[in-house]
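Remarks on the structure that follows.
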Amino acid sequence: MEFEAVVGMEVHVEINSKSKVFCGCSADFHAGPNTNVCPVCLGMPGVLPVLNVDMVNKSVAVGLALNCAISRWSKLDRKNYFYPDMAKNYQISQYDLPLCQNGWIEIDLDGQTKRIGITRAHIEEDTARNTHTIAGNQSGVDFNRSGVALLEIVTEPDIRSAKEAFAYLTALKQLLQYLDVSDCNMEEGSLRAEANISVRPVGQEQFGTKTEVKNVASFSGVFKAIEFEIARHIKLINSGGKVVQETRGWDADRGITVPQRLKESAHDYRYFPEPDLVPIVVDEAWEQRIRESLPELPAARRSRMGTQYGLSAYDANVITLSQDTANYYERVVAVGADAKKAANWLMGELQALLSAAKQEITDCRVTPADLAALIGLIDSGAINGKMAKDIIAEMFETGKAPQDIVKEQGLSQITDTGAIEDIIRKVLADNPAQVGQFRSGKEQVFGFLVGQVMRATQGKANPALLNDLLRRELSRQEN
Amino acid sequence: MTTPLYKKTVREIRDAVRSGALTAVEVTEAHLARIADVDPKVDAFTQIWTDEALAQAAAVDAKVKQGIDPGPLAGVPVGVKELICTRTGKTTCASKILENFRSPYDATIIQKLDAAGAVFLGKVNMDEFAMGSSTERSTIKTTKNPWNLKCVPGGSSGGSAAAISADECAIALGSDTGGSIRQPAALCGCVGIKPTYGRVSRFGLVAFASSLDQIGPLTKNVEDAALSLNTLCGRDPRDATSADLPVPDFTKALTGDVKGLRIGLPKEYFTEALNAEMREKVEAAVDVFKSGGAEIVPVSLPHTDYAIATYYIICTAEASANLARFDGVRYGYRNPAAKTVEEMYVLSKSEAFGPEVRRRIMLGTYVLSSGYYDAYYLKAQKVRRLIKKDFDDAFEKCDFVMGPTSPIPTFEFGAKTENPLEMYLADIYTISVNLATLPGISIPCGLTASGLPAGLQLIGRPFGEETLLRAAHCYEQTSGTTLGDPPIA
Ligand SMILES: [Zn+2]
């Protein structure tokens, strides 16, 4: 029997509001344990939550970018369960009336696009973090994270493979970064993905039994966990077994999922409307204000830049993957660099240097103007491509302008015909055997001779000029 | 013979202190002496902050001396209910689970009163977590009714009412979720007002039922209530449910007449459930208003019978979540025998919550459970809207609604503790007001044959406190039914 997978994703995004969602504490959870806390986020007696408006603005922005309908009237609810990381033993969340509903996002699958439905996006608060010391047999709770603003984004069960899940997360992260609402750092938990996975025979309408996978710390982990679960389900069913509905954790070291003991063992959360908060009322004017403040989103930018700069779909895709890279690119072109060459240098040499140094483009010491200048030096024939590669490495290292590096290191290309001719004559005289081979028709020896001349000039000869002069000298000597 | 200092009203104290005729320290000392004298019998105070109070009073006097405005409540001695958070002393909610709890912050109203020059004498008793109508549910002590020491002071703000009645302070802060200010005020013969939901910040009030709770003052007379509200009311950015409305000078409403006011008498409040003597008192009060030129209109609140059931679903549901935080993790009682997280919860809560609190947490958990939510919680919310609509309809015909505060006068200790349902009936006339988020005031309207106070309740439109104060004040000035002093030494 052939099976197809049905996957839905739940992503928790920590929104980068300066303060927590229901109190004035800083949302910086990197600070020393329990330093960014107050009576409200500690759940002291008598405190009341007050909703952070910045969180509403950013959530509406995400909702609009995900093509959701923004609820004119939504409310917050209490989700009740006991756990030591819960300051109040209830979490303020949104139950039946989320802020954003019924949207979609387009994902890219090797050049094909697919639409994934977004069921809802709702506001909630993060919990504290428990840590356990084995030595002291003690548990500690750090409440810095308690009350940090979370947006939970839930998809329809539209995802059909691990690859599509990966593409969804990539597209979502890209969108969130364009909106500048989260740092989307999965390792630090500012983006947490859970997948609901089931399989069913191809053609069957009804869903199979699902399992939920949590505790995944990277996109590739999500990919592997989903692949693993799909295979596990199929194997179970084929061997006559049954999938048990449960929550499983991803064990990255062993590359398997394992059943997880749920911290909230009782599943009855006894949701009811949060009486300490008033409803969230986003009127048309408010929604419009946010809509107008939205930046150019990835899909729009991709298509505009493709047309405007004559980029291939692939190039446009890569360059717009991050807003910073796209901004960088547009600055290089703005100061006069050729669009295609700028794309090649950005995606090629510069990206390689950034990856090797594990740097972001925003930290890059090569300014867009300097990259444009480098491309200009090649275009004018002042340097050749090989020299340019050395120069950009130096620029990357030191932040110097390419003209200065050329000057300091005497790297100017040799364009003096007489000087190159002298070297050619010397190389031909030193390699009579190869000259003979060339004359007897071995064309590929020409490359060897070019290399010898280039080496003798320490790579500074203008390659086109060198080619011309070498051919001319070889035929002149023959005659 | 001059009036003893402890008998002075808020108005008298603050005028004398501001003018320099009396010092705040003198006033404070007089009240501390009064507490030392009568509180061993009444047991209203749970904590007495002698040093802090005298220091606060001295600071007020220093301001007066330097010509700095000492505030509109300069030198006025205040008793604070045990569930209002104060950095001074403990905030126990009269529960074992918080028996040693010290709040790291002051409630908004504590900050406001402090800024207004009030002096905090200490804290006063209540039913554990405000769940009760007799203050017998306190785990700290048993507060007595100054009118009869064998009887309860009402509740849950029983300590507040007894302290005012026994002249131990001039303002006592109470909180009212279903009648907890008005019912003890009625039983102890003082004035108690529950403002409109949202009038007074709840920040720092330990929550019992968030959609019903409201803080208010208990005082010796109506003018003092108005002066208290001037300081207590107003929008608080820390309470999202507090109303963004201007706060009037409530004393300006005290015109001394009721001419032209239309008073609605709901027929549902005058049934057999109402004790005959109480009925007589209320009817006599109606006559006073009539002769003052008010118009009496019969009105109906048809959903009155559903109020108790509705109330006990909503308040217990909210309480079950509000009290979940008392888990022994961050503060409060933790059972030392607990070996696991679950044991910590179960043992700590079972041991440190009293029986009424446990009963309500379980009730509330039940009505929110899946499968029961629609039948109980959701239905109760619908009935709550109907009860509110009853009042909206009544206010088409009248300016405020009037009736008894409590169906019965105070009762002896233990008379109703065995039967929670009977205790719940003590609040039949008050809980609708919380469900409908309206303001309500209770004022004394005479003594029964056995010398126990009766209370008259006035219920107003949302944010209609001024009308209530005006009418209550006029009654107080013209009825000639002053209770005199309770029979304690
Ligand atoms: Zn905080």
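The values are calculated or read from the model by the stated rules, or taken from the named source; none is laboratory data. Nothing here was measured: the structure is a model prediction, and the numbers come from that model. Glycine gets a Cβ as well: all are built from the backbone with ideal geometry, and neighbour counts include every protein chain shown.
Looking across the stretch A:120-153, the residues that are away from the ligand (no atom under 16 Å from the Cβ) and buried (at least 20 other Cβ atoms within 10 Å of the Cβ) come down to A:Arg120, A:Ala121, A:His122, A:Ile123, A:Leu151, A:Ile153.
The set of residues from the stretch A:9-28 being within 9 Å of the ligand (Cβ to nearest atom), within 14 Å of another protein chain (Cβ to nearest Cβ) and either of a type in the set (A, V, I, L, M, F, W, C) or free of Cβ contacts under 8 Å to residues at least 12 places away in the same chain (or both) comprises A:Phe22, A:Cys23, A:Cys25. Test A:Ala31 against the stated conditions and say whether it is away from the ligand (no atom under 11 Å from the Cβ), modelled with pLDDT under 95 and away from chain B (no Cβ under 12 Å). Spelling it out, A:Ala31 is indeed away from the ligand (no atom under 11 Å from the Cβ), modelled with pLDDT under 95 and away from chain B (no Cβ under 12 Å). The sole residue among B:Val247, B:Val288, B:Val206, B:Val200 that is of a type in the set (Val, Ile, Thr), surrounded by fewer than 24 Cβ atoms within 10 Å (Cβ to Cβ) and either within 27 Å of B:Phe129 (Cα to Cα) or touching a Ser or Thr at 6+ places or on another chain (Cβ under 6 Å) (or both) is B:Val288. The number of residues in the stretch A:47-74 that are away from the ligand (no atom under 14 Å from the Cβ) and assigned to a loop (DSSP other than H, G, I, E, B) comes to 5. Could you check, for the stretch A:282-300, whether at least one of its residues is out of contact with any Pro (no Cβ under 9 Å at 6 or more places or on another chain), over 26 Å from A:Leu97 (Cβ atoms) and within 14 Å of chain B (Cβ to nearest Cβ)? The answer is no; no qualifying residue exists.
Summed over the stretch B:110-157, residues that are of a type in the set (A, V, I, L, M) and either out of contact with any helix residue (DSSP H, G or I) (no Cβ under 8 Å at 6 or more places or on another chain) or not in a loop (DSSP other than H, G, I, E, B) (or both) total 8.
Matching residues to (1) at negative phi; (2) outside any strand (DSSP E or B); (3) within 16 Å of the ligand (Cβ to nearest atom):
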residue	(1), (2), (3)
A:Pro157	yes, yes, no
A:Ala167	yes, yes, no
A:Leu176	yes, yes, no
A:Asn185	yes, yes, no
A:Gly189	no, yes, no
A:Arg192	yes, no, no
A:Asn196	yes, no, no
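Picking from residues in the stretch B:207-238 that are out of contact with any helix residue (DSSP H, G or I) (no Cβ under 7 Å at 6 or more places or on another chain) and either basic (Lys, Arg) or in a loop (DSSP other than H, G, I, E, B) (or both), the one that is nearest to the other protein chains (Cβ to nearest Cβ) is B:Pro237.
Any idea which residue in the stretch A:13-27 is surrounded by the fewest Cβ atoms within 10 Å (Cβ to Cβ), counting only those that are polar (S, T, N, Q) and part of a strand (DSSP E or B)?
Our first condition is that a residue be polar (S, T, N, Q); within the stretch A:13-27, this holds for A:16-17, A:19, A:26.
Adding the requirement that they be part of a strand (DSSP E or B) leaves A:19, A:26.
Working: A:Ser19: 18, A:Ser26: 14.
If we take residues in the stretch A:13-27 being polar (S, T, N, Q) and part of a strand (DSSP E or B), then A:Ser26 is surrounded by the fewest Cβ atoms within 10 Å (Cβ to Cβ).
With the condition kept exactly as written, say whether any residue in the stretch B:250-263 is at pLDDT 95 or above and within 14 Å of chain A (Cβ to nearest Cβ). No - not one qualifying residue is present in the stretch B:250-263. Applying the set (1) within 16 Å of the ligand (Cβ to nearest atom); (2) surrounded by fewer than 20 Cβ atoms within 10 Å (Cβ to Cβ) to A:Gln91 leaves exactly one unmet item: (2). Picking from residues in the stretch A:46-55 that are surrounded by fewer than 22 Cβ atoms within 10 Å (Cβ to Cβ) and touching a residue at least 24 places away in the same chain (Cβ under 8 Å), the one that is nearest to the other protein chains (Cβ to nearest Cβ) is A:Val50. The helices (runs of 4 or more DSSP H) located wholly in the stretch B:296-403 that include 3 or more residues which are touching a Ser or Thr at 6+ places or on another chain (Cβ under 7 Å), without any contact (Cβ under 8 Å) to a residue 60 or more places away in the chain and within 14 Å of chain A (Cβ to nearest Cβ) occupy B:355-368. Residues that are over 17 Å from A:Gln323 (Cα atoms) and surrounded by fewer than 21 Cβ atoms within 10 Å (Cβ to Cβ) were ranked within the stretch A:356-369; the one that is nearest to the chain's Cα centre (by Cα) is A:Lys358. Taking the numbered list (1) more than 22 Å from A:Cys38 (Cα to Cα); (2) out of contact with any Lys or Arg (no Cβ under 7 Å at 6 or more places or on another chain); (3) at pLDDT 95 or above in turn, A:His132 passes all entries but (3).
The set of residues in the stretch A:444-479 that are more than 23 Å from A:Asn384 (Cβ to Cβ) and not in a helix (DSSP H, G or I) contains only A:Asn479.
Can you name every residue in the stretch A:28-45 that is touching a strand residue (DSSP E or B) at 6+ places or on another chain (Cβ under 7 Å) and crowded, with 22+ Cβ neighbours inside 10 Å?
A:Asn36
Count, please, the residues in the stretch A:400-424 that happen to be over 17 Å from A:Ala382 (Cα atoms) and surrounded by 14 or more Cβ atoms within 10 Å (Cβ to Cβ). Total meeting the criteria: 4.
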